[in-house]
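The values are calculated or read from the model by the stated rules, or taken from the named source; none is laboratory data. This structure is a prediction, so every number in the text was calculated from the model and none was measured. Note: ideal-geometry Cβ built from the backbone for every residue, glycine included; neighbour counts use all protein chains shown. With ligands, DNA and RNA removed, areas are computed over all heavy atoms of the protein, side chains included. Shrake-Rupley method; radii C 1.70, N 1.55, O 1.52, S 1.80 Å.
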Amino acid sequence: IKNSMTKAKFISQNIMELREIINSWCRNRLIDINQDRGIKLPYCYVLSNNAVQNALKVVFLKYLNNTLLFDYQLSKFMPNVNPWCNSCTRVPFLPPYQESSSHILRDCLALKHIRSITCRILSDILHLEIVCPLIDRNDFLFNNIYGSAYASTIMCLYIAFIYKYRKSVHVTDLNFFIDYLDKECKKIAQLSSKFNHWYSSCYLNTYIHN
């Protein structure tokens, strides 16, 4: 990156893509986190890494605070919102489930292969067997994942991908998911030398062939 291109300018192209920056609560929390004002959240490197786009941090921050709403929750207040999981409807003979956070991020059978790849990446990072990309806070693995710069970044990108593309045909496309991870990790690596060291050696694209 050229010296004339500031960090803020580099990420400004995508900071609005999830349309959450207008949320004043999230915006204020991000200011505090980016300036290291001691916000009391689960220890999580991805939130304090200034190389990570704020648009991604917002989604992860809301997930950690149980305020990331999916269509099942929204349908309770907005009758015109379809509460059913869009991914499930794309798989023949798969019964529809309501689009809740636990279903689409942890249980959706249509996204099983996306979770599987995410678990393999997390397992390689932590040298532990990870069977679910979302670890309960009471689990002993919680600190391992959230305390790892690389693992917490992959967790953040997994959640952001599902949330952003859950209404798109691409959400079940494994190649599209790997390309998304690779693209976003490359952006972070361009701004963080530590992250670039891991990114240069992990070869994300190889996971789809193994």
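For segment 45-70, which positions are of a type in the set (D, E, K, R) and without any contact (Cβ under 8 Å) to a residue 60 or more places away in the chain? Lay out the reasoning, then the answer.
Taking segment 45-70 first, the residues of a type in the set (D, E, K, R) are 57, 62.
Once the filter is applied, which keeps residues that are of a type in the set (D, E, K, R) and without any contact (Cβ under 8 Å) to a residue 60 or more places away in the chain, segment 45-70 yields only 62.
Got a number for residues in segment 159-208 being touching a residue at least 12 places away in the same chain (Cβ under 8 Å), within 13 Å of residue 121 (Cβ to Cβ) and open to solvent by 60 Å² or more (accessible area, probe 1.4 Å)?
Residues flagged as touching a residue at least 12 places away in the same chain (Cβ under 8 Å), within 13 Å of residue 121 (Cβ to Cβ) and open to solvent by 60 Å² or more (accessible area, probe 1.4 Å) within segment 159-208 amount to 1.
Quick one: which residue in 125, 117 is in contact (Cβ under 8 Å) with a residue 24 or more places away in the chain, closer than 17 Å to residue 173 by Cα and either part of a helix (DSSP H, G or I) or open to solvent by less than 30 Å² (accessible area, probe 1.4 Å) (or both)? Reasoning before the result, please.
On the way: 125 fails: closer than 17 Å to residue 173 by Cα.
Only one candidate passes the filter, namely 117.
Pull up segment 71-106, narrow it to residues that are farther than 19 Å from residue 165 by Cβ and among the hydrophobic types (A, V, I, L, M, F, W, C), then point me to the one that is most open to solvent (accessible area, probe 1.4 Å).
At the first step, the residues of segment 71-106 found to be farther than 19 Å from residue 165 by Cβ are 75-80, 92-93, 95.
Checking which are among the hydrophobic types (A, V, I, L, M, F, W, C) leaves us with 77-78, 93.
On the way: 77: 166, 78: 84, 93: 212 Å².
In this case the residue turns out to be 93.
Somewhere in segment 42-55, is a residue farther than 18 Å from residue 158 by Cβ, open to solvent by 20 Å² or more (accessible area, probe 1.4 Å) and in contact with a Gly (Cβ under 6 Å, 6 or more places away or on another chain)?
Yes.
Okay, residues lined up against (1) over 14 Å from the mean Cα position of the chain (by Cα); (2) farther than 23 Å from residue 170 by Cα:
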residue: 57; (1), (2): no, no
residue: 67; (1), (2): yes, yes
residue: 80; (1), (2): yes, yes
residue: 83; (1), (2): yes, no
residue: 86; (1), (2): yes, no
residue: 91; (1), (2): yes, no
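Working carefully through the options 195, 161, 176, find the one that is of a type in the set (A, V, I, L, M, F, W, C), under 30 Å from residue 83 (Cβ atoms), over 14 Å from the mean Cα position of the chain (by Cα) and assigned to a helix (DSSP H, G or I).
Numbers: 195 fails: under 30 Å from residue 83 (Cβ atoms); 161 fails: over 14 Å from the mean Cα position of the chain (by Cα).
Only one candidate passes the filter, namely 176.
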